[in-house]
Every structure is written in C-alpha cells, then in structure tokens.
Amino acid sequence: MADFEATMRPTPSSSLPFNAPLLAAFLSFTIAQFLKIFTTWYKEKRWDSKRMLDSGGMPSSHSATVSALALAIGLQEGTGSPAFAIAVILSCIVMYDASGVRLHAGRQAELLNQIVCELPPEHPLSNARPLRDSLGHTPFQVLAGGLLGCIIAFFMRSPY
C-alpha cells in the first residue's frame with residue numbers, strides 16, 4: 001500500500017505550480033492583456049485600463065496564450081509528442097479564428113452600429129445598445145501575440 005501511495009504523490013514536475021506550459025500560457029495571456037493599455041495609449045493617445053479586460057487589440061492575448069502553450073509543450077515533451085500536436089492544432093484554429101471570423105464579425109458590428117445611429121429617433125431600433133465591435137485581430141496583432149507567447153515560453157522553459 002505504501003508503494004501505491006508513493007506513486008500517487010505529486011512530483012514537482014507534475015504538480016500544478018510547476019507546470020511550465022500552463023504557467024507560460026497564463027503569463028502570456030496576462031502580459032498581452034496588460035500591454036493593451038500601452039498600445040491603446042500609443043495609438044489613441046489616451047489611457048484606458050478597461051482594455052485589459054477586452055478582447056481584440058494589440059497584441060492578441062489568445063494568440064499569445066496558445067502559442068506559449070504549444071511551444072512550452074514542445075520544449076518539455078518534444079515536438080513528436082501527441083500533446084504538442086494537439087497544442088499546435090489548437091493554436092492554428094484559435095489564431096485563424098482571431099484574424100478571420102472574429103475580425104469580420106467585429107467589422108460587421110461596426111457597420112451595424114453606424115446604420116443604427118443613422119436611423120430616425122422614432123425607429124424602434126434607434127435606441128438599441130451598440131454592438132461590441134472590438135472582437136478580432138488583424139494578422140499583425142495575431143503575429144505579435146504569437147511571437148510574445150513564444151518568447152515567454154522560451155524563457156520559462158523547464159531546466160530539467
């Protein structure tokens with residue numbers, strides 16, 4: 001029974017606080033969201049702390065998260081592992097979606113908001129709440145997020 005208990009006890013490399021891919025992914029997401037405050041200031045010359053909680057913008061936190069996860073798994077498990085294959089496919093889907101479907105949905109929301117603003121005041125939709133138009137990312141924002149995630153994963157790689 002003691003042998004079974006010893007095998008079930010978490011080791012430093014398998015317990016949550018030492019999970020380098022998970023930590024790299026969370027840290028990449030957090031840093032990308034934090035950087036949005038500064039990129040918004042650079043672009044719009046105004047400080048907007050709410051950008052830390054919004055989707056869209058520069059850099060893509062989704063891309064940073066999944067690229068950090070994939071690279072950290074590749075560095076830890078090897079690029080031939082099934083976990084790395086899953087992470088790469090997940091990354092491709094998320095990054096494609098961020099610069100494709102979500103970007104175009106945001107652009108459509110922007111146009112719909114403009115149309116609603118031009119409606120006469122007596123129209124039933126003239127008081128409709130505006131749609132969120134900051135949903136997706138440009139390919140450059142996705143690339144920047146992916147690069148950020150890779151850099152963070154590289155520096156967080158496990159020494160063993």
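The values are calculated or read from the model by the stated rules, or taken from the named source; none is laboratory data. As the structure is a prediction and not an experimental result, all values here were calculated from the model. When we count neighbours, we look across all protein chains shown, and the Cβ atoms used for this are built from the backbone with ideal geometry, even at glycine.
If you check 94, 88 for being touching a helix residue (DSSP H, G or I) at 6+ places or on another chain (Cβ under 6 Å), among the hydrophobic types (A, V, I, L, M, F, W, C), modelled with pLDDT of 80 or more and under 21 Å from residue 58 (Cβ atoms), only one passes: 94.
State yes or no: is residue 71 modelled with pLDDT of 95 or more and under 20 Å from the mean Cα position of the chain (by Cα)? Yes; evaluated as a whole, the condition is true for this residue.
Which of the following residues is modelled with pLDDT under 75, assigned to a loop (DSSP other than H, G, I, E, B) and closer than 22 Å to residue 24 by Cα: 158, 134? Going through 158, 134 in turn, just one is modelled with pLDDT under 75, assigned to a loop (DSSP other than H, G, I, E, B) and closer than 22 Å to residue 24 by Cα: 158. Part of a helix (DSSP H, G or I), β-branched (Val, Ile, Thr) and loosely packed, with under 13 Cβ neighbours inside 10 Å: is that true of residue 73 in this structure? So residue 73 does not fit the description; no. Reported count of residues in the stretch 10-59, each being modelled with pLDDT of 65 or more, surrounded by fewer than 12 Cβ atoms within 10 Å (Cβ to Cβ) and basic (Lys, Arg), is 3.
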